[in-house]
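Enquirer: Take this structure, written in C-alpha cells, and hold onto it; I'll ask about it next.
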Amino acid sequence: MKIKRRWLVSLVAIILLLGSGGLWWWQRGSLHLLSNQQIIKNINPT
Amino acid sequence: MITKNPTTKLTKQLAKIVKQKTYSLDHPHTKVNPYRTSPLTALVIFRLIRRPRSAIRWWTRAPRPQSLIPLTAATKGCTRSRSSVCMLTTPTRLRLKSPTAMVRRPPKTLTLQTGKLPKTLSQADIKVTKSDQSKMAIGQNTLTLINRTAQEPYAIDTDGQIRWYSTKWSQHTFVQLSNGHLLMQNRTSKTAKSYNALTETDYLGRICRQYKLSGKLGKGSEESTITAVHHDVVELPNHNLLVTISDGGKYVEDVLAEVDRTSGKVVKVIDLKRLLPATMYRNYHQTSSRSGKVDWLHVNALWYDQKTGNVLLSARNQDLIMSFNYQTEKINWIYSGKKAASWPKKWRKYLLTPTKGTTITGGQHGLTLLSEHGQQLKILLYNNNINVTNGNAKTSGKYSEAVAYTIDLSKMTIKQTWSYGKTLGTANFTRVIGYAQRLSNGNTLIDFGYKQNEQESNIIEVDAEGNQVFNVTLKASATNRTYAYRAYRLNFYPSNYQFDATK
C-alpha cells in the first residue's frame, strides 16, 4: 500500500513538473522570446 | 566578427618612411589624407637633431584671421618625429607653423593642398547665425561634430567651416572611446545599403579594428535597411562595447549586447523584454514597422555609470527612461508618463514620481548622466515631446527641448531643474532625432536634428540662462537622410589620444 502511494505521489510530481515546464514553454513561445544563445547566434554573422 | 583592416597596407608604407630617417624639418615628408578615409588631415614626417623640450605645436589658419587653431603633435621627447595634423580646410591652401622656441630655429611653414569637398557635404549649406566665441565652450582643437543618419560625418568650426570629415559613411553611432579613438557605425562596403559595421578609427582615418555584425537582424520602424547596431554604443570598464541591437526575432530594437573588443564576438545579451512587463510588447500597436516587426521599445540612448555599474537607457516608443544594474539586471528606477496603476504590481516600486512642474518625456533621445551624489542623480536628455505611447498628449508636437532633471532615489522622485527649447515653439519641434550635450562651461549643445519635418537641422548652444551663444542651421535631404542625428562638441586631440605611425 505504502509503495503504491509513493508511486502515486511521484507520478503526480512528474505530471506537475512536466505541466509547469510545458506551460512555461508555451508561454515563452507565445511571447516570441528567444533564448540568449539564440540571440547571440543571430547577432554574430555566419 | 572582426573584418580585414583596409588601412593596414598604408600603415606599413608610412611606417617604412618613418624608419628611413631621411626626412628633416626643412624637407619633411607630407601626406594629405594619409589613410584615404579622412581627407582634411595630413601626416608630416621628419627627424629632429635635438629633442624638443615640449610637444611640437602646429598652427592652422582658418579663413578668418582670428580663427587660428593650434594643433598638438604627438612628438614630445622624440627625435624621430611624425606629426598628425587634422582640421584643415578645403580647397584653400593652408600654412602650418612650428614655434621657434621648440626647435631653436625660425618657424617652419608648410603648404598643404587638400581636395574639394564632395557634393554630399557642399550641399549641406551651413549657415551660422550666432557665434559668440568668448561665451562658447570651445577650446583648442575643439569642433562641433555632426553625425548624420546617412553619409559622411563631419565637423565644423565656429565659423561653420568644415574642418574634418570621414569618407566612411556613418549612421547614428559616433562615439569617442577612452583611448581617444572614434567608433563609428559604417557600411561594410561603399555599395552596401545596411550599416552593419562598427569601425574603430582615429582622426587621421587609420582604422584600428572593424567589427561586422549579422545582416539578418530585423529592420526598425524608421529604417528601410537593416542597421545592426541601430542607435548607440557605450564603452564598458573592460573596454568591451555595449551596443543596442535587435535579436532577429519578432521584436526589434529591444536588446543590448556586449561585444568583445578583441574577438568581435557577442559575449552577453540583455533582452529588455525580460526586464519589462509582457503587456508592454504583447499588444503594442502605437507604431508600425515597414518590416512587420514589433518596435515596441526603440532603445535609442545608453549610458554606463562607471561608479555604480548601472546602465541608463532611453526607450523612445514607450516614452520611457530607466536604470538597471548591468551585472544583476535588477531595475533601479523607471520614469515614464505611463500611469502607476497600469503597471503590474511588481514594477510599481521602481516608478519615479515627478514633482510639480516636471515634464514627462515623449519620444526622447540622448540620455546622459551629469553627476551623482549619494542618492541624487542629475541627468540630461533631449525631449522630442511627441506622445508615442505614454507622452503628454496635451503638449505633444508643440515644441522640443533639452531638459535636465534631478532624481532623488531616497524619495523616488524626479524634478525638472533646467530646460531650453519651449520658447522656440513648433519651429524647432522634431518628431524624431535629437541630442543634448552638457559642455565643460555649463553650456548645453542642443541638436534639433529633424526640424521642419526633416528639411533642416538646427544646432544651438545655450548658456545656463538660456542665452544663445552659437546657432547653426544645416540643410538636410529627406531622400538622402542627411539630417544631423547627433551633434557633439568634440576635442580632436584629446589627451588620451596618442598617434604612432610606426605601429
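Rule-based calculations on the coordinates, nothing more; no lab input. Model, not experiment: these values are computed from the prediction. Neighbour counts are summed over all protein chains in view; Cβ atoms, including those assigned to glycine, are modelled from backbone coordinates with ideal geometry.
Enquirer: Suppose the chain between B:Gln140 and B:Lys349 were pulled fully straight at 0.36 nm per residue; how much longer would it get relative to their current alpha carbon spacing? List each step's numbers first, then the result.
Expert: Details: separation 209, 0.36 × 209 = 75.24 nm, distance 4.68 nm.
Length gained, B:Gln140 through B:Lys349: 70.6 nm.
Enquirer: Based on the alpha carbon coordinates of the protein assembly as shown, what radius of gyration and maximum Cα-Cα distance (Dmax) apply, in Å?
Expert: My reading of the Cα-based Rg and Dmax gives 26.0, 108 Å.
Enquirer: Something else about it: Please give the Cα centre distance for region B:366-445 versus region B:190-205, rounded to the nearest Å.
Expert: 31 Å
Enquirer: Still on this model: Viscosity 0.692 mPa s, temperature 37 °C: what is the translational diffusion coefficient of chain B from Stokes-Einstein with a Kirkwood Rh over Cα pairs, rounded to a whole number of µm²/s?
Expert: After rounding, the answer is 138 µm²/s.
Enquirer: Which of B:Met412, B:Met136 comes first, and how do the rest follow, when ranked by fewest Cβ neighbours within 10 Å?
Expert: B:Met412, B:Met136
Enquirer: Could I ask something else about it? Which net charge results when you count Lys and Arg as +1 and Asp and Glu as -1 among the other residues whose beta-carbon is under 10 Å from that of B:Thr3?
Expert: +3
Enquirer: I need the phi-derived Karplus couplings for region B:159-175: 6.51 cos²θ - 1.76 cosθ + 1.60, θ = phi - 60°, integer Hz, Gly and Pro marked x.
Expert: So the Karplus estimates, Gly and Pro as x, are 8, x, 6, 6, 10, 7, 7, 10, 6, 7, 4, 10, 9, 6, 9, 8, 10 Hz.
Enquirer: I would also like to ask the following. So how do B:397-410, B:240-253, B:433-446, B:462-475 stack up, highest first, on mean other-Cβ count within 10 Å?
Expert: The most tightly packed comes first, giving B:240-253, B:433-446, B:397-410, B:462-475.
Enquirer: For region B:246-352, max minus min Cα coordinate along each principal axis, in Å, sorted largest first?
Expert: Cα spread of region B:246-352 along its principal axes, largest to smallest: 44, 36, 19 Å.
Enquirer: Using only the Cα atoms, what convex hull volume per residue in Å³ does region B:353-503 have? Write down the numbers at each step before the final one.
Expert: Working: hull volume 25.0 nm³, N = 151.
Per-residue hull volume (Cα only) is 165 Å³.
Enquirer: Using only Cα atoms, tell me the angle between helix B:8-20 and the longest principal axis of chain B; keep it within 0 to 90° and round to the nearest 10.
Expert: Roughly 30 degrees between the two axes.
Enquirer: Report, to the nearest 10°, how far helix A:2-30 tilts away from the longest principal axis of the Cα atoms in chain A, using its own Cα long axis and a range of 0 to 90°.
Expert: Relative to chain A, helix A:2-30 is tipped by roughly 20 degrees.
Enquirer: Any number yet on Rg/Rh for region A:2-43, C-alpha, Kirkwood?
Expert: On the way: Rg = 16.6 Å, Rh = 12.6 Å.
A ratio of 1.32.
Enquirer: Could I ask something else about it? With runs of 4+ DSSP H residues as the only contributors, calculate the mean residue ellipticity of chain B at 222 nm using -39,500 (n - 2.57) per run, divided by the residue total and rounded to the nearest 500.
Expert: Theoretical 222 nm ellipticity from helices: -1500 deg cm²/dmol.
Enquirer: A further question follows. When Cβ neighbours within 10 Å are restricted to other protein chains, what is their mean count per residue of peptide B:276-289? Before the final figure, lay out each step's value.
Expert: Numbers: counts 0, 0, 4, 0, 0, 3, 3, 0, 0, 0, 0, 0, 0, 0.
Per residue, the average neighbour count from other chains is 1.
Enquirer: Under a straight-distance cross-link criterion of Cα-Cα below 20 Å, which aspartates and glutamates are reachable from B:Lys307, leaving out those fewer than 8 residues away in the same chain?
Expert: B:Glu235, B:Glu258, B:Glu329, B:Glu372, B:Asp408
Enquirer: Please work out whether region B:326-400 counts as rounded, prolate or oblate from its C-alpha gyration tensor, where a ≥ b ≥ c are the square roots of the eigenvalues and a/c under 1.5 means rounded, while otherwise a/b larger than b/c means prolate and anything else oblate?
Expert: Oblate.
Enquirer: Hey, another quick one. Within the set of other residues whose C-beta is less than 12 Å from the C-beta of B:Gln468, count the net charge using Lys and Arg as +1 and Asp and Glu as -1.
Expert: -2
Enquirer: Hey, what does the equivalent ellipsoid look like for region B:1-50, semi-axes from the Cα gyration tensor as sqrt of 5 times each eigenvalue, largest first, whole Å?
Expert: Details: eigenvalues 124, 36, 10 Å².
For region B:1-50, the semi-axes come out at 25, 13, 7 Å.
Enquirer: To the nearest 0.05, how large is the calculated FRET efficiency for B:Leu370 and A:Leu11 if R₀ is 56 Å and r is the Cβ-Cβ distance?
Expert: Between B:Leu370 and A:Leu11 the formula returns 0.40.
Enquirer: Could you check the simple spin-label distance between B:Leu275 and B:Asp260, using points 7 Å along Cα→Cβ, in nm with one decimal?
Expert: Result: 2.4 nm between the two label points.
Enquirer: From the cross-link list B:Lys168/B:Lys398; B:Lys268/B:Lys293; B:Lys119/B:Lys451; B:Lys268/B:Lys411, which pairs have alpha carbons spaced over 29 Å apart?
Expert: B:Lys168/B:Lys398; B:Lys268/B:Lys411
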